[in-house]
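For reference, the structure discussed in these notes is given below.
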Amino acid sequence: MSEAADQAREPSNGAAYFGEEAKALREALGLSQGQFAAELHYRQAQVSKVENGTVLASAAFAEAMDRVAGTPGVYARLRARLSKQGHPEWFVPYIALEESASGITDYSCTFLMGLLQTPEYATAVFRAAHPRETEAQLKEHVELRMRRQAVIERDAPPLLWVVVHEAVLRTRVGGSSVMIRQLEHLATQMASPHVTVQVLPYKAGASPSHLPFTLLSLNGAPHSVYTETPTHGGQVDDTSSVVASAVGMFDRLRMAALSEEESLALIREITEVHAK
């Protein structure tokens, strides 16, 4: 594979493109999908997802391809470029951290965080933020967000811990049917040992934070804080004092929030309210 030629013909759908490259490599090596999976040290189901373009391969998957192909860094660099496609420049630093994080903690007080959104919910969020964009543009935004969810679907995902304000669950984003599917999806995700969701109820009173934020950990240690504003985009800050402040704030949030069991019960209760 020529990197120069590769860069010249990269399509908008990075996951599909990388999947084609993965399949082409496998066939060039004369391997079945199962044999290729064994060489990569991945499950065949994951190889199938990558080849079909269902998910964009992880950085580790691309590195395994380089190892098998004997092409140091070629597939890893391709995958890194594709992962940035379509995202605004200010969001790229966050994407890189999200993909390598060992832990992601998030406070959602306006909308659910992107890693837990359904396509319909994400569409409604983007439509509200970008009312003049075409359906094709909105679809591209949603597809990019959905591909990011591969982070929590991989074999060794980061620990995702989210505190979500009750108001987020009750706000009818996209209408009742969209909210029902979204809350059902949220409840399903909570069954994963890698996902913890707590609800901060109205009765908790004033929140320790009036703005959403995401704290990312690398190698088990808090590393960076991501915040976003409507006018200035997003910012990643790894200043030790800022990170320490965010850690303390999130600790207070989860102490004020309901337990996992109580949170799940409230989510199901609110789902029924949306169904009425």
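The values are calculated or read from the model by the stated rules, or taken from the named source; none is laboratory data. Computed from a predicted structure; not experimentally measured. Virtual Cβ from ideal backbone geometry, glycine too; neighbours counted across all protein chains shown.
Results, tabulated for the structure shown:
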{"item": "Test result for Leu211, in contact with an Asp or Glu (Cβ under 8 Å, 6 or more places away or on another chain), closer than 24 Å to Ala167 by Cβ and outside any helix (DSSP H, G or I)", "result": "no"}
{"item": "Odd one out for Ala62 among (1) buried (at least 18 other Cβ atoms within 10 Å of the Cβ); (2) at pLDDT below 85", "result": "(2)"}
{"item": "Residues of segment 92-135 satisfying the condition of being assigned to a helix (DSSP H, G or I) and of a type in the set (A, V, I, L, M, F, W, C)", "result": "Val92, Ile95, Ala96, Leu97, Leu115, Leu116, Ala122, Ala124, Val125, Phe126, Ala128, Ala129"}
{"item": "Selection within segment 50-66 - part of a helix (DSSP H, G or I), touching a residue at least 12 places away in the same chain (Cβ under 8 Å) and not hydrophobic (A, V, I, L, M, F, W, C)", "result": "Glu51, Asn52, Glu63"}
{"item": "Residue check for Ala37: more than 14 Å from Phe18 (Cα to Cα) and buried (at least 16 other Cβ atoms within 10 Å of the Cβ)", "result": "yes"}
{"item": "Pairs where the first residue, in segment 76-92, is aliphatic (A, V, I, L, M) and the second is modelled with pLDDT of 80 or more and not in a loop (DSSP other than H, G, I, E, B), C-beta under 6 Å, 6+ apart", "result": "Ala76/Ala62; Ala76/Glu63; Ala76/Asp66; Leu82/Phe18"}
{"item": "Selected residue [polar (S, T, N, Q) and assigned by TED's automatic domain parsing to the domain that holds Ala16] from Thr105, Thr110, Thr71, Thr118", "result": "Thr71"}
{"item": "Test: residue in segment 140-152 that is in the same structural domain as Glu269 (by TED's automatic domain parsing) and either closer than 16 Å to Ile270 by Cα or assigned to a loop (DSSP other than H, G, I, E, B) (or both)", "result": "no"}
{"item": "Sole exception among (1) small (Gly, Ala, Ser); (2) more than 20 Å from the chain's Cα centre (by Cα); (3) at pLDDT below 90 for Ala37, by number", "result": "(3)"}
